[in-house]
Amino acid sequence: MNDAYIDTNELVRLAREVQGVAPISRFRRLVGDATGGGLPPQADTTVSWSLKGMADGRGKQFLLLRVSAAPTLECQRCLQPFQWPMDVETRLELVKSEADLDDSTDGLHEQDPEDFVERIVGSQRLDIMALVEDEIILGLPYVPKHEVCPSLPEALDQNAGADRPNPFAVLSQLKKD
Ligand SMILES: [Zn+2]
């Protein structure tokens, strides 16, 4: 499914969940295009997403968005590309109009950042892919870095281990003889 639009009211009313998978290359704002910008050249990965409608007891409407992706980023330490697996889940509150987006006049004190809920305007034709793309972009690390850069000595040691025969495989060879 390359284009996906949803009626948010219907999704909430029916408590439905929709999902899909798309190649990461279709997210142009994320990966950039031939003219550059965006991320380094991408591996052939896919983005999977799901979107579920729900309402709380007080009539508030929410979308639960889950996105899994593995964009290729450039490590800011060793400048090598690496895959950044991400798996994010966000709850978005649906509001009726742009004016409700930053409604800080509902008598509540400053919102606790932990409880902060992103708001979006409900729509009969919400562009899911744009929502998914926003979520990936928001989830990218500010300074992407390998946990351990492959060019560092520790990583070389770890990689060397991969070439050694698995001790259990050796053992089962011995048992066979
Ligand atoms: Zn690195």
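Can you tell me the length gained on complete extension of the stretch C78 to D56, counting 0.36 nm per residue apart and subtracting the Cα distance? Spell out each step's value before the answer.
Working: separation 22, 0.36 × 22 = 7.92 nm, distance 4.69 nm.
3.2 nm is the gain from fully extending C78 to D56.
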FRET efficiency for L101 and L140, using Cβ-Cβ distance with R0 set to 30 Å, rounded to 0.05:
0.85
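Set the Förster distance to 41 Å, then compute FRET efficiency between Q124 and A43 from the Cβ-Cβ distance, nearest 0.05.
Working: r = 36 Å, r/R0 = 0.88.
In this case the efficiency is close to 0.70.
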Where does each of L126, L138 land when they are ranked from fewest to most other beta-carbon atoms within 10 angstrom?
L138, L126
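Using Cβ counts within 10 Å as a stand-in for footprinting exposure, how do T46, T72, T8 rank, fewest first?
Numbers: T46 14, T72 17, T8 22.
By the 10 Å Cβ count, ascending, the order reads T46, T72, T8.
All of the numbers you see were taken from the coordinates with simple rules; none came from a lab. This one's a predicted model, so the numbers in the text were calculated from it and none came from an experiment. No Cβ is skipped: glycine too gets one built from the backbone with ideal geometry, and neighbour counts run over all protein chains shown.
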